[in-house]
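A short reminder: the numbers here are calculations on the coordinates, not readings from a lab. Computed from a predicted structure; not experimentally measured. Here the Cβ positions follow ideal geometry from the backbone for every residue, glycine too, while neighbour counts run over all protein chains shown.
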Amino acid sequence: MKKHILTLPGDGVGPEIMTGAKAVLEKIAEDFNHEFTFEEGLIGGAAYDAAGTPLDDETLERAKNADAVLLGAVGGPKWDTIDKTLRPEQGLLKIRKELGLFANLRPIKVFDKLIPASPLKETIVGGTDILFVRELTGGLYFGRPSERRDGGNSVVDTLVYTKEEIERIVEYGFQAAKLRGGRLTSVDKANVLESSRMWREIVDAKSAEHPEVKVEHALVDSTAMKLITNPAHFDVVVTENLFGDILSDEASVITGSIGLLPSASLNGEGFGLYEPVHGSAPDIAGQNIVNPLAMILSAAMMLKYSFHLSEEAEAVEAAVDNALKDGIHTSDLDFEGGRKVGTEEMVEAVMSYIK
Ligand SMILES: NC(=O)C1=CN([C@@H]2O[C@H](COP(=O)(O)OP(=O)(O)OC[C@H]3O[C@@H](n4cnc5c(N)ncnc54)[C@H](O)[C@@H]3O)[C@@H](O)[C@H]2O)C=CC1
Ligand SMILES: CC(C)CC(=O)C(=O)O
Ligand SMILES: [Mg+2]
């Protein structure tokens, strides 16, 4: 199979983890007889430094013409004080919006070997297997106005959702639940927010169309608690943009490190952008210590969702599992015994377990 991939390493640890994911994909191409071609582009602070904008139209066009996009991460203190419209994060929001990537899938899977690496009790961590279905192109991150007012004495951010935007992500949640354990938790703040009350109505209407899925509504604040006290309770969690962003970072703690969590951002035509859940981790950039597994597992999601190469995706996931089973790990994981390695060695270990 021939596939063309646009890589957007971005900022901070982005380039280090992208190098690792590309190496793993090249190994997969070689072993399974595929031809993957790569083209690199700029996004975030790197793009701002080069051309004064966090995402230019040419890169966006290249993304649209690729078979899939792999993205590292954007942002960092260097760009925290520039014009807000040019911040690195705006490049990421723009590519999500322009490509219509409304469904952000964030699986929370616990590797058996890493159960002791979680700060939570083993009895709580065991059995965790959650899929977050996060709305990605609406809500507070995109609402306008978003500005200071009254000479800086007040401020406004805007939360807007259309019915269609809620319906399509909720439908995605139901479909995902059918393919998994048949349980869907819809997370909102319907005791306060009108947008959440509309969200609930839409979930209830969809629920009537999908009677085989067991639905529960849950408020975001108590969900934040329950994720830590009883993560095994959850199967698929569908929620809006901001809540999904926060809850998925929280859920990463269950697994032992945010450096393990991949994500897929998909549009209605099955096009996908794949990136780790974590950010650019400027505190550890350039030191060969970042955990590359979230990016590598994001590449595995690309193989599965964009290229329908399930066997190849499973080969990558199994290689990650086996490397961890042998105790090979980066320093973000609190691990008794085993062998602590740097980023490059971790990538090599994963590659050595493929096939
Ligand atoms: N998708 C993206 O590009 C995202 C970008 N950001 C941006 O990243 C920058 C840093 O944000 P933070 O809040 O610090 O979040 P972060 O996720 O970059 O880092 C949080 C903590 O986790 C650690 N960490 C993250 N990924 C790791 C990995 N793979 N291996 C080992 N340790 C890892 C970091 O060292 C840091 O201590 C900001 O500019 C933010 O806007 C934040 C989240 C998502
Ligand atoms: C950097 C932001 C635009 C979003 C974020 O934190 C995320 O998608 O995880
Ligand atoms: Mg985030």
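Our helix-only sum for the chain, with -39,500 (n - 2.57) per DSSP H run of n ≥ 4 divided by its residues, gives a mean residue ellipticity at 222 nm of -13000 deg cm²/dmol. What FRET efficiency comes out for the pair GLU348/GLU216, r = Cβ-Cβ distance, R0 = 51 Å, nearest 0.05? That gives a FRET efficiency of 0.70. Measure off 7 Å from each Cα along the Cα-to-Cβ vector at GLU167 and ARG183, then give the distance between these two points in nanometres to one decimal. Roughly 3.0 nm, to one decimal. A full extension of the chain between LYS355 and ASP150 corresponds to an added length of 67.5 nm, given 0.36 nm per residue minus the alpha carbon distance. Using Cα springs under 10 Å in a Gaussian network model of the chain, which residue among SER248, SER222, SER196 shows the largest mean-square fluctuation? Between SER248, SER222, SER196, it is SER222 that shows the largest mean-square fluctuation. Given +1 at the Cβ of Lys and Arg, -1 at the Cβ of Asp and Glu and no other charges, the dipole of the chain around its Cα centre is 580 debye to the nearest 20. Computed from the Cβ-Cβ distance with R0 of 35 Å, the FRET efficiency linking ARG339 to ALA50 stands at 0.35.
The listed peptides 287-298, 307-318, 343-354, ordered by packing as a protection proxy, come out as 287-298, 343-354, 307-318 (highest mean of other Cβ atoms within 10 Å first). Across GLU269, GLU250, GLU98, mean-square fluctuation computed from a Gaussian network of the chain (C-alpha pairs under 10 Å connected) peaks at GLU269.
A Förster radius of 22 Å, combined with the Cβ-Cβ distance separating GLU314 from HIS4, puts the computed FRET efficiency at roughly 0.45. Can you tell me how the stretch 193-270 classifies by the Cα gyration tensor, rounded, prolate or oblate, using a/c under 1.5 as the rounded cut? The shape class here is prolate. Think of the chain as having a plus end and a minus end, set by charges on the Cβ of Lys, Arg, Asp and Glu; of ALA285, ILE258, ALA349, ILE258 sits farthest toward the positive end of this dipole.
Normalised by 2.2 N^0.38 Å, with N the number of residues, the alpha-carbon radius of gyration of the chain equals 0.97. In terms of its C-alpha gyration tensor, the stretch 33-140 has a prolate overall shape, because the principal axis ratio a/c (a ≥ b ≥ c, square roots of the eigenvalues) is not below 1.5 and a/b outweighs b/c.
Label-to-label distance for ALA205 and LEU86 is 4.4 nm, based on points extended 7 Å past Cα in the beta-carbon direction.
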